[in-house]
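Encoded as structure tokens, here's the structure I'll be asking about.
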Amino acid sequence: MPERRAVHERPPAPEPLPRPVVDAHCHIDMRGGEEDALAPAEALALAAEVGVTGIVQVGCSIRDVAAAVAMAEAHPGILAAIGIHPNEAPRLAARGELDAAVAEVERLAAGSARVRGIGETGLDHFRTREAQGHAIQEQAFRAHIDLARRLDLALVIHDRDAHDDVVAVLLDEAANGGLPEVVQFHCFSGDAAMARVAAEHGWYVSFAGTVTFANARDLHEAAPVVPAERILVETDAPYLTPTPHRGRVNASYLVPLTVRRLAELRGEPVEVLCDALHANAVRAFGAFG
């Protein structure tokens, strides 16, 4: 069985980056396939060896929001973003538990200085297809926007097959109460036109390992469009492992592969991009220490 074991071994560490960057969206405690999740200290240590000096740990279900906060409070290199994932919202609503779940997110976020973001929240028309589910997702999305606005925290958006509707909700909220200062499109999946919309409104665009995929033409065209002061990089680990390790387990120490591909697409030195990515992450989420 040596071949099967090799598939599930973690990919080797890439060449370290010349300047520090931050993994702006990660799920450290989630398992990837048959691999056990990395312990937070191990994830931080492996990442630091290649120049990834901070991680935003995201808790996106009622089961793991408290764990994300605890992880951030225990490790100086980790900050937390917490919320109810859009695909989780209809399930909670069906049990009459959605309002209580959002209230718990608020309680945890208000109670810890290590929580710097609300979400991931937003709309997902890929996994939730029925109209009633879409309406519940929008309800939860608006509740998270209100929470991020009131607590002055970053809004972390999940947008899958719902670009126009996500933008419509954001613009409606902007006109009726306003948006939080920081709006981050996590794991950006739009095209150059969508990137221009985000740039026009000052929203952050975060690229994951998908931008390294050969068939990701829309992302390749979007990457140069994002202003230097609004670009972020992430893993969404343990998912979306960058080329050449696509299909294996992702972790923060693989961020350099995505950074180098982004630098190629944008036609700029890796050092310049690293400086922008780090400064933007600190601007969006605050200091990690």
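Can you sort Leu38, Leu254 from fewest to most other Cβ atoms within 10 Å of each residue's own Cβ?
Least to most surrounded, the residues fall as Leu38, Leu254.
Same structure again: What is the dipole size for the chain, taken about its Cα centre, with +1 at each Lys and Arg Cβ and -1 at each Asp and Glu Cβ, in debye to the nearest 20?
320 debye
May I pose another question? Once the dipole of region 18-285 is set up with Lys and Arg at +1 and Asp and Glu at -1 on Cβ about the Cα centre, which of Pro90, Leu257, Gly247 lies farthest towards its positive end?
Going by the charge dipole, the pick is Leu257.
Give me the dipole magnitude in Debye, nearest 20, for region 192-269 about the Cα centre, with unit charges on the beta carbon: positive for Lys and Arg, negative for Asp and Glu.
With Lys and Arg at +1 and Asp and Glu at -1, about 240 debye.
Shape call for the chain from the C-alpha gyration tensor, a ≥ b ≥ c root eigenvalues: rounded (a/c under 1.5), prolate (a/b greater than b/c) or oblate?
rounded
Another one. I want the antiparallel fraction of DSSP beta bridges within the chain, as a percent rounded to 5.
Of the beta bridges lying entirely in the chain, close to 5 percent run antiparallel.
Something else now. What's the extension gain from Ala13 to Arg217 if we count 0.36 nm per residue and subtract their Cα-Cα distance?
70.8 nm
Please work out the FRET efficiency for the pair Asp191 and Arg107, using the Cβ-Cβ distance as r and a Förster radius of 25 Å; give the result to the nearest 0.05.
0.05
With the contact rule set at Cα under 8 Å and sequence spacing of 6 or more, what percent relative contact order holds for region 18-285?
21 percent
While we're looking at this one, here's another question. For every helix of n ≥ 4 consecutive DSSP H residues, a contribution of -39,500 (n - 2.57) applies; sum these over the chain, divide by its total residues, and give [θ] at 222 nm rounded to the nearest 500 deg cm²/dmol.
Calculated at 222 nm, the ellipticity per residue is -13000 deg cm²/dmol.
For labels at Glu73 and Asp172 in the simple 7 Å Cα→Cβ model, what's the distance in nm?
Using points 7 Å along Cα→Cβ, the separation is 3.6 nm.
Let's see if you can work this out: charge +1 on each Lys and Arg Cβ, -1 on each Asp and Glu Cβ, no other charges. What is the dipole magnitude of region 23-137 about its Cα centre, in debye to the nearest 20?
With only Lys, Arg, Asp and Glu charged at Cβ, the dipole is about 340 debye.
What is the distance, in nm, between label points placed 7 Å from the Cα along the Cα-to-Cβ direction at Asp146 and at Tyr239?
It works out to 2.7 nm between the two label points.
Dipole of region 56-107 (Lys/Arg Cβ +1, Asp/Glu Cβ -1, origin at the Cα centre): which of Val105, Cys60, Gly77 lies farthest to the positive side?
Cys60
List Phe288, Phe126, Phe188 from most exposed to least, where exposure is judged by having the fewest other Cβ atoms within 10 Å.
Going from least to most buried by this count: Phe126, Phe288, Phe188.
Sticking with the crude label model, points 7 Å out along Cα→Cβ, report the distance from Asp99 to Ala135 in nm, one decimal please.
1.7 nm
Which of rounded, prolate or oblate describes region 196-289 when judged by the alpha-carbon gyration tensor and an a/c cut-off of 1.5?
Oblate, since a/c reaches 1.5 and b/c is not below a/b.
Still on this model: How would you classify region 20-129 from its alpha-carbon gyration tensor, with a ≥ b ≥ c the square roots of the eigenvalues: rounded for a/c under 1.5, else prolate if a/b is greater than b/c, otherwise oblate?
In terms of gyration-tensor shape, prolate.
Another question, if that's okay. Place +1 on the Cβ of every Lys and Arg and -1 on the Cβ of every Asp and Glu in the chain, take the dipole about the Cα centre, and give the residue among Pro238, Gln132, Leu147 whose Cα lies farthest towards its positive end.
Result: Pro238.
Counting only Cα atoms, I'd like the Rg/Rh figure for region 136-283, Kirkwood definition for Rh.
Answer for region 136-283: 0.97.
Follow-up question, since we're still on this one. Could you put His144, His163, His201 in order, starting from the residue whose Cβ has the fewest other Cβ atoms within 10 Å?
The order, fewest Cβ neighbours first, is His201, His163, His144.
Compare the peptides 116-124, 179-187 by average per-residue count of other Cβ atoms within 10 angstrom and give them in order, highest first.
Those peptides, ordered most packed to least, come out 116-124, 179-187.
None of the figures in this text is laboratory data; all of them are computed from the coordinates on show. Keep in mind the model is a prediction, meaning the values are calculated, not measured. Virtual Cβ from ideal backbone geometry, glycine too; neighbours counted across all protein chains shown.
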